[in-house]
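Participant: Take a look at this one; I'll ask things after.
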2 protein chains.
Amino acid sequence: MAAMIRPGALARELWRLFDEARFAEVEPLLAPDFLCEWPQTGEVFRGPANFIAVQENYPGRWRCTVEHMIESGGEAVTRTRVSDGKTHTFALSFFQVREGQISRLTEFWADPYAAPPDRARWAERRRAE
Amino acid sequence: MAAMIRPGALARELWRLFDEARFAEVEPLLAPDFLCEWPQTGEVFRGPANFIAVQENYPGRWRCTVEHMIESGGEAVTRTRVSDGKTHTFALSFFQVREGQISRLTEFWADPYAAPPDRARWAERRRAE
């Protein structure tokens with residue numbers, strides 16, 4: 001049955017559990033040889049236990065809202081707003097799925113920053129996010 | 001014929017032109033009502049001309065390498081390494097395509113940062129990117 005779960009549904013379920021701070025419960029979603037890579041730091045977390053430990057030990061209580069998802073074949077990408085109520089960031093997450101489990105996650109963290117004034121003449125501004 | 005171009009091919013063509021600093025040449029790839037949003041700053045660039053002006057005026061000469069692409073329906077997502085030979089960043093780009101042109105781009109910029117030592121016990125390190 002696990003093989004029938006689509007990549008986007010697995011990705012959304014992982015984020016739902018993270019949103020509820022139920023980190024250990026993502027373990028069945030992950031392949032035994034699961035590997036997470038964060039290219040911005042060069043860090044690689046090998047295996048579900050290491051990945052879950054990083055989440056459990058990250059300081060703060062972060063709510064996670066998936067704003068967009070696209071999936072194709074054995075892959076899904078999510079765009080997630082992550083906020084502790086004071087500050088926020090965006091997670092851009094590339095999932096690979098194999099036999100109904102997430103085998104690989106390549107993830108980027110994009111923090112807000114101030115818009116440079118030198119390009120203001122070409123920009124409109126959204127409400128503060 | 002333009003309507004037959006797939007979203008992923010349009011996205012790759014935009015990045016190829018950016019890689020070659022041929023910014024004005026992306027204009028035919030963009031819908032007249034094209035809109036680019038950078039959620040990290042809240043900036044919105046409305047119309048091809050504003051978007052192209054921002055690229056043309058961004059300081060430095062940046063090479064762009066698409067490392068991954070997934071597409072589904074009228075959407076594509078690219079993961080692109082952008083480097084001026086001294087420093088680099090990652091662009092995470094969500095394209096929406098309508099009738100063979102890019103109608104919307106929601107884009108995030110993820111800079112490298114130092115891995116916090118407090119999670120080193122769970123991490124392996126890739127070669128420096």
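Participant: Given the condition in a loop (DSSP other than H, G, I, E, B), under 21 Å from residue A:44 (Cα atoms) and more than 14 Å from the chain's Cα centre (by Cα), answer yes or no: does some residue in region B:101-112 qualify? If you could, list the steps in order and put the result at the bottom.
Facilitator: To start, the set of residues in region B:101-112 that are in a loop (DSSP other than H, G, I, E, B) comprises B:111-112.
Filter once more, keeping what is under 21 Å from residue A:44 (Cα atoms): B:111-112.
Subset that is more than 14 Å from the chain's Cα centre (by Cα): B:112.
There is at least one residue in region B:101-112 that is in a loop (DSSP other than H, G, I, E, B), under 21 Å from residue A:44 (Cα atoms) and more than 14 Å from the chain's Cα centre (by Cα).
Participant: Which one is farthest from the chain's Cα centre (by Cα) among residues in region A:72-88 that are under 18 Å from residue B:79 (Cα atoms) and polar (S, T, N, Q)?
Facilitator: Checking each candidate, the answer is A:72.
Participant: Within region A:84-129, which residues are facing another protein chain (nearest Cβ under 9 Å), of a type in the set (A, V, I, L, M) and farther than 17 Å from residue B:109 by Cβ?
Facilitator: A:120, A:128 - these are the residues of region A:84-129 that are facing another protein chain (nearest Cβ under 9 Å), of a type in the set (A, V, I, L, M) and farther than 17 Å from residue B:109 by Cβ.
Participant: Restricting to region B:82-95, give me the number of residues that are without any contact (Cβ under 8 Å) to a residue 40 or more places away in the chain and in a strand (DSSP E or B).
Facilitator: Of region B:82-95, the ones without any contact (Cβ under 8 Å) to a residue 40 or more places away in the chain are B:82-87, B:89-92, B:94.
From the residues that got through so far, the ones that are in a strand (DSSP E or B) too are B:82-83, B:89-92, B:94.
Count: 7.
Matching residues to (1) within 13 Å of another protein chain (Cβ to nearest Cβ); (2) in contact with a strand residue (DSSP E or B) (Cβ under 8 Å, 6 or more places away or on another chain):
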| position | (1), (2) |
| --- | --- |
| A:6 | yes, yes |
| A:29 | no, yes |
| A:46 | yes, yes |
| A:58 | yes, no |
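Participant: Determine whether residue B:56 is in contact with a Phe, Trp or Tyr (Cβ under 7 Å, 6 or more places away or on another chain) and acidic (Asp, Glu). Steps first, answer last, please.
Facilitator: On the way: in contact with a Phe, Trp or Tyr (Cβ under 7 Å, 6 or more places away or on another chain): yes; acidic (Asp, Glu): yes.
Taking the combined requirement at face value, the residue satisfies it.
Participant: Report, by residue number, each residue of region A:14-27 that is surrounded by fewer than 18 Cβ atoms within 10 Å (Cβ to Cβ) and touching a strand residue (DSSP E or B) at 6+ places or on another chain (Cβ under 7 Å).
Facilitator: A:19
Participant: Hey, another quick one. Mind listing just one residue for me: the one in region A:67-83 that is touching a helix residue (DSSP H, G or I) at 6+ places or on another chain (Cβ under 9 Å) and surrounded by fewer than 19 Cβ atoms within 10 Å (Cβ to Cβ) and, of those, farthest from the other protein chains (Cβ to nearest Cβ)?
Facilitator: So the first thing to find is which residues in region A:67-83 are touching a helix residue (DSSP H, G or I) at 6+ places or on another chain (Cβ under 9 Å), and the list is A:69-78, A:80, A:82.
When the remaining residues are screened for being surrounded by fewer than 19 Cβ atoms within 10 Å (Cβ to Cβ), the result is A:72-74, A:82.
Values: A:72: 4, A:73: 8, A:74: 10, A:82: 12 Å.
Per the stated criteria, the residue is A:82.
Participant: Separate question: Determine, yes or no, whether residue A:45 is buried (at least 19 other Cβ atoms within 10 Å of the Cβ), touching a Cys at 6+ places or on another chain (Cβ under 8 Å) and not in a strand (DSSP E or B).
Facilitator: Details: buried (at least 19 other Cβ atoms within 10 Å of the Cβ): yes; touching a Cys at 6+ places or on another chain (Cβ under 8 Å): yes; not in a strand (DSSP E or B): no.
When the stated conditions are applied, residue A:45 does not pass them.
Participant: Continuing with this model, one more query. Name every residue in region A:65-93 that is of a type in the set (Gly, Ala, Ser) and within 30 Å of residue A:4 (Cβ to Cβ), in order of residue number.
Facilitator: Scanning region A:65-93 gives A:72, A:73, A:74, A:76, A:91, A:93.
Participant: Looking only at region B:4-23, count every residue that is under 12 Å from residue B:93 (Cα atoms) and outside any helix (DSSP H, G or I) and tell me the total.
Facilitator: Residues meeting the conditions: 0.
Participant: Then there's this: Do you know which residues across region A:24-35 are closer than 20 Å to residue A:71 by Cα and either in a helix (DSSP H, G or I) or of a type in the set (A, V, I, L, M) (or both)?
Facilitator: From region A:24-35, those closer than 20 Å to residue A:71 by Cα are A:26, A:29-31, A:34-35; that's our starting set.
Scanning region A:24-35 gives A:26, A:29, A:30, A:31, A:35.
Participant: Still on this structure: Kindly indicate the residue of region B:84-104 that is of a type in the set (S, T, N, Q) and over 18 Å from residue B:13 (Cα atoms) and also surrounded by the fewest Cβ atoms within 10 Å (Cβ to Cβ) among those meeting that condition. Reasoning before the result, please.
Facilitator: First pass over region B:84-104, keeping only residues of a type in the set (S, T, N, Q): B:87, B:89, B:93, B:96, B:101, B:103.
Okay, now just the ones that are also over 18 Å from residue B:13 (Cα atoms), so B:87, B:89.
Numbers: B:87: 11, B:89: 17.
Among them, the one singled out is B:87.
The numbers here are math on the coordinates, done by the rules we state, and not lab data. Remember, it's a predicted structure, so these values are computed and weren't measured experimentally. So basically every Cβ, Gly included, is an ideal-geometry build from the backbone, and we count neighbours across all protein chains shown.
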